[in-house]
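Some notes on the structure that comes next.
The values are calculated or read from the model by the stated rules, or taken from the named source; none is laboratory data. All figures in this text were calculated on a predicted structure; none of them were measured in a lab. As a convention, Cβ positions derive from the backbone with ideal geometry for all residues, glycine included, and neighbour counts pool all protein chains shown.
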Amino acid sequence: MSESTPKIQVRNLTKRFGTLTVLDGINFSVAKGELVAIVGPTGCGKTTFLNMLSRLMPATEGNILIDGQEANPKTHNISYVFQEPTCLPWRTVRENVAYGMEIKGVPRAERMKRSDAIMELVGLSSCADLYPNQVSASMVQRIAVSRAFAVQPDLLLMDEPYGQLDVKLRYYLEDELVNLWRTLKSTILFVTHNIEEAVYVADRILVLSNKPTTIKAELRVDLERPRKLTDPRFVDLRKEVTELIRWW
């Protein structure tokens with residue numbers, strides 16, 4: 001694959017439910033190692049969009065390519081972090097983090113190595129042998145994120161993973177996400193309804209329109225990391241995205 005070839009290419013992605021067109025000819029690409037946030041008005045189909053990208057839902061029309069090949073969960077590592085934490089209650093924290101790797105057939109020694117490294121990065125090492133009902137809500141969400149990163153995904157999809165947490169926890173976990181992403185060099189599509197969160201974490205923001213949904217705008221987030229909420233450029237970008245969503 002050429003260095004200039006995008007990691008992910010979405011071409012004419014369309015979804016209809018009977019006569020209702022939810023997604024209407026969406027086209028975009030994502031570079032390897034890029035973190036792209038997706039925002040849009042409530043009900044515009046953001047979760048449907050991710051479900052199609054993950055192949056949980058078939059497209060009516062269009063293609064999704066990973067490294068130039070049709071996206072296929074059997075051959076590509078596509079990880080998904082849902083809005084609701086999805087930990088298995090009968091497995092320990094370590095076993096939950098390793099679960100995706102087990103499914104993918106990663107050898108045990110490598111599973112343990114990756115699990116330990118990621119748990120160290122997100123502060124889960126001290127509770128590795130506990131069960132999900134013995135740790136806090138923020139730790140449960142860290143488990144889900146760690147499990148997704150551990151399979152070294154070709155594409156990591158995140159659907160408002162911090163939407164149910166309080167503001168202080170969100171900022172803390174957003175910093176952890178950026179640290180994981182920069183360390184592991186993953187390619188991420190991050191859906192959020194929180195505009196400030198999108199500007200805080202993303203390299204680029206795609207703004208979706210109301211249904212039938214298209215990409216209304218694309219904004220490059222040209223801010224150094226770590227980002228400051230009081231930076232005038234941060235404030236300007238947040239206002240720009242807000243206006244794009246408000247006046248569809």
From the option list Ala31, Ala109, single residue qualifying as at pLDDT 90 or above, within 19 Å of the chain's Cα centre (by Cα) and of a type outside the set (Lys, Arg) is Ala31
Identity of the residue in segment 67-76, touching a Lys or Arg at 6+ places or on another chain (Cβ under 7 Å) and in contact (Cβ under 8 Å) with a residue 40 or more places away in the chain, that ends up nearest to Gly100 (Cα to Cα) | Ala71
In segment 129-184, which residue that is crowded, with 16+ Cβ neighbours inside 10 Å and small (Gly, Ala, Ser) is modelled with the lowest pLDDT?
-> Ser138
Filter result for Ala144 (touching a residue at least 60 places away in the same chain (Cβ under 8 Å), touching a Leu at 6+ places or on another chain (Cβ under 8 Å) and small (Gly, Ala, Ser)) | no
For segment 88-104, indicate whether the set of residues that are surrounded by 12 or more Cβ atoms within 10 Å (Cβ to Cβ), under 20 Å from Leu156 (Cβ atoms), within 20 Å of the chain's Cα centre (by Cα) and among the basic types (Lys, Arg) is non-empty.
-> yes
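Any idea which of Tyr162, Tyr172 is among the hydroxyl-bearing types (Ser, Thr, Tyr) and in a helix (DSSP H, G or I)?
None of the other options fit; the residue is Tyr172.
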Residues satisfying the stated conditions in segment 188-213, i.e. in a loop (DSSP other than H, G, I, E, B) and at pLDDT below 95 = Thr192, His193, Asn194, Ser209, Asn210, Lys211, Pro212
Count, please, the residues in segment 161-216 that happen to be more than 16 Å from Arg227 (Cβ to Cβ), of a type in the set (Val, Ile, Thr) and over 16 Å from the mean Cα position of the chain (by Cα).
-> 3
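Of the residues in segment 214-248, how many are hydrophobic (A, V, I, L, M, F, W, C) and part of a strand (DSSP E or B)?
So the count comes out to 3.
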Give the residue that is surrounded by the most Cβ atoms within 10 Å (Cβ to Cβ), with candidates limited to residues of segment 9-41 that are in contact with an Asp or Glu (Cβ under 8 Å, 6 or more places away or on another chain) and among the aliphatic types (A, V, I, L, M).
-> Ala37
Which of (1) over 13 Å from the mean Cα position of the chain (by Cα); (2) in a strand (DSSP E or B); (3) closer than 26 Å to Ser136 by Cα does Leu156 not meet, given it meets every other one?
-> (1)
Given Glu110, Glu120, which one is under 22 Å from Glu174 (Cβ atoms) and either surrounded by fewer than 20 Cβ atoms within 10 Å (Cβ to Cβ) or aromatic (Phe, Trp, Tyr) (or both)?
-> Glu120
Within segment 203-216, residues being of a type in the set (A, V, I, L, M, F, W, C) and out of contact with any Ser or Thr (no Cβ under 9 Å at 6 or more places or on another chain) number 3
How many residues does segment 110-149 contain that are under 25 Å from Gly33 (Cα atoms) and not in a helix (DSSP H, G or I)?
-> 2
Go through segment 156-205 and count every residue that is basic (Lys, Arg) and in contact with a Phe, Trp or Tyr (Cβ under 8 Å, 6 or more places away or on another chain).
-> 1
Determine whether segment 78-85 contains at least one residue that is touching an Asp or Glu at 6+ places or on another chain (Cβ under 7 Å) and more than 23 Å from Lys32 (Cβ to Cβ).
-> yes
